[in-house]
1. Residue 238 fails exactly one of the following numbered conditions: (1) surrounded by 15 or more Cβ atoms within 10 Å (Cβ to Cβ); (2) closer than 26 Å to residue 59 by Cα; (3) away from the ligand (no atom under 12 Å from the Cβ). What is the number of that condition?
2. Kindly check whether there is at least one residue in segment 180-190 that is within 14 Å of the ligand (Cβ to nearest atom), part of a helix (DSSP H, G or I) and touching a His at 6+ places or on another chain (Cβ under 7 Å).
3. Within segment 232-242, work out how many residues are touching a strand residue (DSSP E or B) at 6+ places or on another chain (Cβ under 6 Å) and not small (Gly, Ala, Ser).
4. Which one of these does residue 65 not meet: (1) away from the ligand (no atom under 16 Å from the Cβ); (2) within 20 Å of residue 237 (Cβ to Cβ)?
5. Quick test for you: out of 173, 160, 153, pick the one residue that is under 20 Å from residue 6 (Cα atoms) and away from the ligand (no atom under 16 Å from the Cβ).
6. Out of 20, 15, 78, I need the residue that is β-branched (Val, Ile, Thr), under 15 Å from residue 119 (Cβ atoms) and surrounded by fewer than 19 Cβ atoms within 10 Å (Cβ to Cβ). Which one?
7. What is the number of the single condition among (1) modelled with pLDDT under 95; (2) within 16 Å of the ligand (Cβ to nearest atom) that residue 44 does not meet?
8. May I ask you to list the residues in segment 48-75 that are buried (at least 21 other Cβ atoms within 10 Å of the Cβ), under 16 Å from the mean Cα position of the chain (by Cα) and either of a type in the set (Lys, Arg) or under 20 Å from residue 21 (Cβ atoms) (or both)?
Amino acid sequence: MRKLLIAANWKMYKTPAESTAFLTSFFPLVKNNTAAEIVLCPAMPCLPAVVDAARGKSVSVGAQNMHWHNEGAYTGETSPTMITAIGATHVLIGHSERRQYFNETDTTVNLKLKAALAHSLVPIVCVGEHLNEREQNLTADVLNLQISVALEGIKPEALGPLVIAYEPVWAIGTGRTATPEIAEDAHKIIRAKIAAIAGSDVADSTRILYGGSVKPDNAGSLCCLDDIDGALVGGASLDPDSFAKIITNATTR
Ligand code: PEP
């Protein structure tokens, strides 16, 4: 019922030329893929080149961040209107690196989510606990709070496109992948919270991705679980072979 979604977060890597070189190698490797939706999230200056190169291919393109206003005196920011005008269709919201280094909060995540939905961008909202929170048994509290503030004031019928990425902060870029059991438990908590807020229909159709040191050799065991509907991949998405292998392994289940 929920189609797998595998998204690449290229963070602050790759120039436009490097992005298109990636695509030249990557497209032939995934040309037979129909099982997963693929989304590439390059850095902002690479969006136009990646959108152009992806035209006519079954690969979507997303931004890694955006402001919630349409325009204004917000130096250095990019608006949802600009992102849709470029041709991107998805946007990451509230990635833990944005929360850690750029003061993003659950409240700004909520504003950005509302803006994304209003502009028909598919929002990929990132949530996840820090290691000390997990060690203190606070994972469920953290996830429940992040989800409830993110969804505050949004009507259930507007949440159709919502995608959540569960990204435990201790697993991002560390090589310390959550076990399938840990990830599945967290995904169940998130789905239950969405059901409590927006109803079981919304919860059942919302895709919840796992992110945090996903590699070709663990993608299969994570993505085969009932509540894991794909992956958000950072480091291992920078290389076309590795990202294509993740897609192949995730979809062979
Ligand atoms: C990410 O950036 O969202 C991420 C999950 O990174 P990595 O795969 O490198 O842990």
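1. (3) is the only condition that residue 238 fails.
2. no
3. We begin by selecting, within segment 232-242, every residue touching a strand residue (DSSP E or B) at 6+ places or on another chain (Cβ under 6 Å); these are 232-234, 237.
If we keep only those that are not small (Gly, Ala, Ser) too, we end up with 232-233.
Matching residues across segment 232-242 total 2.
4. (1)
5. Numbers: 173 fails: away from the ligand (no atom under 16 Å from the Cβ); 153 fails: under 20 Å from residue 6 (Cα atoms).
Residue meeting the stated conditions: 160.
6. Details: 20 fails: under 15 Å from residue 119 (Cβ atoms); 15 fails: under 15 Å from residue 119 (Cβ atoms).
Residue meeting the stated conditions: 78.
7. Result: residue 44 fails condition (1) only.
8. Residues satisfying the conditions are 61, 62, 64.
The values are calculated or read from the model by the stated rules, or taken from the named source; none is laboratory data. Bear in mind that the values here come from a model prediction, so they are computed numbers and not experimental data. Glycine also receives a Cβ, built like all others from the backbone with ideal geometry; neighbour counts cover every protein chain displayed.
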